[in-house]
Amino acid sequence: MARSSPGTLNLEIMDGSDPDPALPPDREQWPPPCEILLDPEPEHSLDIILVGSSELSSPPSPGPRRDFIAYEVKVNQRDIEDVCICCGSLQLHTQHPLFEGGMCAPCKDKFLECLFLYDDDGYQSYCSICCAGETLLICENPDCTRCYCFECVDTLVGPGTSGKVHAMSNWVCFLCLPFPRSGLLQRRRKWRTWLKAFYDREAESPLVMYKTVPVWKREPIRVLSLFGDIKKELTSLGFLEDGSKPGRLKHLDDVTNIVRRDIDEWGPFDLTYGSTPTLGHTCDHPPGWYVYQFHRILQYARPLPGSPQPFFWMFVDNLVLTEEDLDVATRFLETDPVTIQDVRGRTVQNAVHVWSNIPAVKSRHSALVSQEELSLLAQDRQRVKSPVQGPATLVKNCFLPLREYFKYFSTELTSSL
């Protein structure tokens, strides 16, 4: 995937005029779109967010084209809220959460699937508008990692705008600019509220999505790490500074005698992490003990019901839990696990089961191998006893979406730990 990161901070609009309308080929008119009524409050401050997207799937014939967006708005005087700004379809399902405009069902599904996805370099994986894009423009604001595809920029801002942006350095994106409108592309007022409402309404998930935090309100993350230590991983991602203040990360190997009073004294915490031991590691407890203890401590660490404070958790099984233990973990943690694998070529070198409420964990990963294959892998690991990546290393990039909620100290990600 090509990315452009071409010097002076330029806050001027690249092309303030609306895109030229496309010539309208004959096509069947779609039925009128559904009506979505939202009344966001006005916002008076600059918001910066990072949300990803993905390739859209081709709709049925006659297929919509983004070329029609400018024509429908400029010539047919159609409200842009009645057009899917991702693909040009007039068969709407909902409204785009970040920018004024509609969204059809296929594009909604792709947007949800790829919400908060990051690449290994720390930038968003997909265009923040259309859920697709092969060549992406990167926002140069150091606190923003959003990307926009050439097609969306040229269609919605103005023809040739992507080339002008590509030739610039330190380009500031449409969600970071102090003014909300660029051509047909207009940032929603209170778009963070729209984004949360969109996710709560459209996502089939029992887990809460917290409203993302403006950059000037983000604080350093406070971490409670149980059994497995994730300091190295979080430091490499910039969430912890080397030699950071005591209390930013509390690591506990044994929680047998820990009570709520202890957690209250050490906390509050923003992230609670726990894991089973690695395969072949000698431990004093059966594997299921780690599930029960993690769940117990998690209840102590959670904020009070109704609190707006973002609170995240993750539990990782290094293939040591029995099927019964897996069922118990799913019931206690109230979400299904995903499987994250270390694949080299066609060989699965290592894998872990992960339960978490961190955004996009489920989107990024799925169980590509059967439980039987994972059991064979676990047996092989125990028999050979060769060194493998620890569970924290495998799940490291799952923590990247937390950049939307907490301060991070470095944008340079280390490629290895």
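At-a-glance table
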quantity	calculated
Complete set of residues in region 147-206 that are within 30 Å of N357 (Cα to Cα) and among the basic types (K, R)	R187, R188, R189, K190, R192, K196, R201
Selection from region 97-137 of residues that are over 24 Å from V361 (Cβ atoms) and either outside any loop (DSSP other than H, G, I, E, B) or open to solvent by less than 10 Å² (accessible area, probe 1.4 Å) (or both)	F99, G101, G102, C104, T135, L137
Residues that are crowded, with 17+ Cβ neighbours inside 10 Å, under 25 Å from N257 (Cα atoms) and not small (G, A, S), drawn from region 303-331	F311, F312, W313, M314, F315, V316, D317, N318, V320, L321, D325, L326
Candidate set from region 247-259 (those that are assigned to a loop (DSSP other than H, G, I, E, B) and charged (D, E, K, R)); member that is farthest from the chain's Cα centre (by Cα)	D254
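The values are calculated or read from the model by the stated rules, or taken from the named source; none is laboratory data. Just so we're clear, the structure is a prediction, and the values are computed from it rather than from any experiment. Reconstructed Cβ throughout: ideal geometry from the backbone, glycine too, with neighbour counts over all protein chains shown. In case anyone asks, the SASA skips ligands and DNA or RNA and just uses the protein heavy atoms, side chains included. Shrake-Rupley method; radii C 1.70, N 1.55, O 1.52, S 1.80 Å.
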